Amino acid sequence: MSTAGVRSPEPSADRRLAPGFWLYTALAYALSWAWLVPLAVGGATVEPGQGWPTHFPALLGPLLAAVLAAACCGGLPELLRRVGRLRVAPIWWLVALSPLALLGIGLLADALAGAPLPRLADFGVMPGLPATWGPLLVGVVLVLVNGFGEETGWRGYALPALQRRFGPLASMLLLALVWAGWHAPMFLVLGSFRGFGAGTVVGWLLGLVAGSVVLGWLVNRTGSVAVVAVWHGLFNVVSATAAGSGLVAAVVSTAVMVWAVVLVALHLRACQRGVASVLAPVSVGHRSLPA
């Protein structure tokens, strides 16, 4: 994982964000909310294991927004290269699969607490998808739609755009705010979100910020949207299906928060020492990641 000797791109002295970022953000909200708001107005509720109503088409909004913004403002070839980049060191694919390891920790905590272990079928019970599809197909859809649908936009386009103007940590925190706002209509249509109390909402926000740091670190280290899409999709298999409810979800989310805290601590120490940060984007091939 060492990146010694690899020069990281520096943020620009010009603090204005490029028009492409604002266009992307407006399109991501508009395209996703165009699906979610009518569901909310109609009083629809997305329930686990039910294929209709569903919020899944809205998850493709960031992908479509990224492609449109990149096509209009430049950077489409580089975006496509990030999405299609599969040749990374094997260790990074193990990191992409790490939500499964976190699941093991959560299941162990469940067992120690005397709770029954989830059934295999529970991994196929996801809000907005038919339970009859089974765990394998649900997992594939989560990686393709939830993973690539979101990450092509958030980490493939928006994060590099922010990092042209700000440092990596500031960019990840700013992106977390935009990402959180994008989720707002889901609190009106997802049955699971509707049940959130104030404390749960705070915990969800902290988890989103932590996820923004971990996923930002992962894409900056690899230059691959595919790697972060797999991580994102598997994380939702682990934490958002019926198998990942209760203690399992709490343990997995806490582990990601600890992971993010460690990354931030390493970043701050690197800043104090004047050395390259673990969060900083590295050069891949002959191109720096934030195009």
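Here, each number is a calculation from the coordinates, and none is a lab measurement. Please read these numbers as outputs of a predicted model, since none were measured by experiment. We place every Cβ from the backbone using ideal geometry, glycine too, and count neighbours over all the protein chains shown.
Checking each residue in segment 252-278 for being over 30 Å from ALA109 (Cα atoms), surrounded by 18 or more Cβ atoms within 10 Å (Cβ to Cβ) and either of a type in the set (A, V, I, L, M) or touching a strand residue (DSSP E or B) at 6+ places or on another chain (Cβ under 6 Å) (or both) picks out only VAL278.
Scanning segment 41-75 for residues that are surrounded by fewer than 17 Cβ atoms within 10 Å (Cβ to Cβ), among the small types (Gly, Ala, Ser) and in a helix (DSSP H, G or I) yields a single hit, ALA71. ALA229 - would you say it is aliphatic (A, V, I, L, M) and farther than 27 Å from GLU78 by Cα? No.
Taking segment 224-248 as the range and being over 26 Å from ALA111 (Cα atoms) and either among the aliphatic types (A, V, I, L, M) or surrounded by fewer than 23 Cβ atoms within 10 Å (Cβ to Cβ) (or both) as the test, the residues that pass are VAL225, ALA226, VAL227, VAL228, ALA229, VAL230.
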